[in-house]
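Worksheet: one structure, shown below.
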Amino acid sequence: MTVSQKLVDCLTKRGWHITFAESCTGGMVSAKLVNAAGASRVFDGSFVVYAPTAKTDLVGVDADLIAQKGVVSEEVAKAMAYGACERIGAQVGVGITGYAGPDGGDGKPAGTVCFGFCVNGETSAQTVCFTGDRNAVRRKASTFALRHTLLLLNNI
């Protein structure tokens, strides 16, 4: 069974919904989730917020937070996850922002991805540095987002 199917089944049992605010993954996480049977029971929609202004306008990330912490930061990833939950009305949200490559930025290397997780209003974050070309980084980040969300839900 795929991680997407396990996540859909876990959310279905709880009666919860999930949403994503994706930057460097560009919708890839959402696409992987909807490959699972029954995804429509737990997934109403998500956001692809590539530009800083999209993060601000679509999921409510404070522009000052982006200016202070950088667009690729755990603080921004958490704000993305929280904002997506608020906008969609989901219990679970995941924010993903990073430098897929070939270049990094703000002193962070290519492959750096920050993940924000929001579960019933409580946020957490994790930063991972993946290897490979930009599409390998995006694929790895997408899989990590789903796996880590499932892990978080199984631990509550």
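Given a 1.4 Å probe, how much area per residue of the stretch 8-156 is accessible, in Å²?
On the way: 6640 Å² over 149 residues.
Heavy-atom accessible area per residue stands at 45 Å².
Taking a point 7 Å out from the Cα of Asn155 in the direction of its Cβ, the residues of the stretch 119-146 whose backbone N falls within less than 12 Å of it are 124-126. Just need the relative contact order of the chain here, percent rounded to a whole number, with Cα pairs under 8 Å and 6+ apart. The normalised contact order for the chain reaches 24 percent. Label zone of Trp16 (point 7 Å out along Cα→Cβ, amide N under 13 Å): in the stretch 107-136 this covers 117-124. Here the stretch 1-45 and the stretch 87-156 have alpha carbon centers that stand 14 Å from each other. Taken one residue at a time, the phi angles of the stretch 15-20 give Karplus couplings (6.51, -1.76, 1.60, θ = phi - 60°) of x, 9, 10, 10, 9, 9 Hz. Gly and Pro are set to x.
Give the carbon-plus-sulfur fraction of the accessible surface of the chain in %, rounded to a whole number; probe 1.4 Å, heavy atoms of protein chains only. Please report the intermediate quantities before stating the final value.
Values: 3540 of 7060 Å².
Using a 1.4 Å probe with all protein chains present, the chain comes out at 50 percent carbon and sulfur.
Length gained on full extension, Ala136 to Ala54, computed as 0.36 nm times the residue gap minus the Cα-Cα distance: 27.1 nm. Taking the C-alpha atoms only, the angle from helix 134-154 to the longest principal axis of the chain is near 50 degrees.
Relative to the compact-globule scaling 2.2 N^0.38 Å, provide the ratio for the alpha-carbon radius of gyration of the stretch 44-146. All intermediate terms of the calculation are to be shown ahead of the outcome.
Details: Rg = 12.8 Å, N = 103, 2.2 N^0.38 = 12.8 Å.
Compactness ratio reported: 1.00.
The values are calculated or read from the model by the stated rules, or taken from the named source; none is laboratory data. Since this is a predicted model, take the numbers as computed values, not measurements. Using ideal geometry, Cβ is built from the backbone for each residue, glycine included, and neighbour counts are taken over all protein chains shown. With ligands, DNA and RNA removed, areas are computed over all heavy atoms of the protein, side chains included. Shrake-Rupley method; radii C 1.70, N 1.55, O 1.52, S 1.80 Å.
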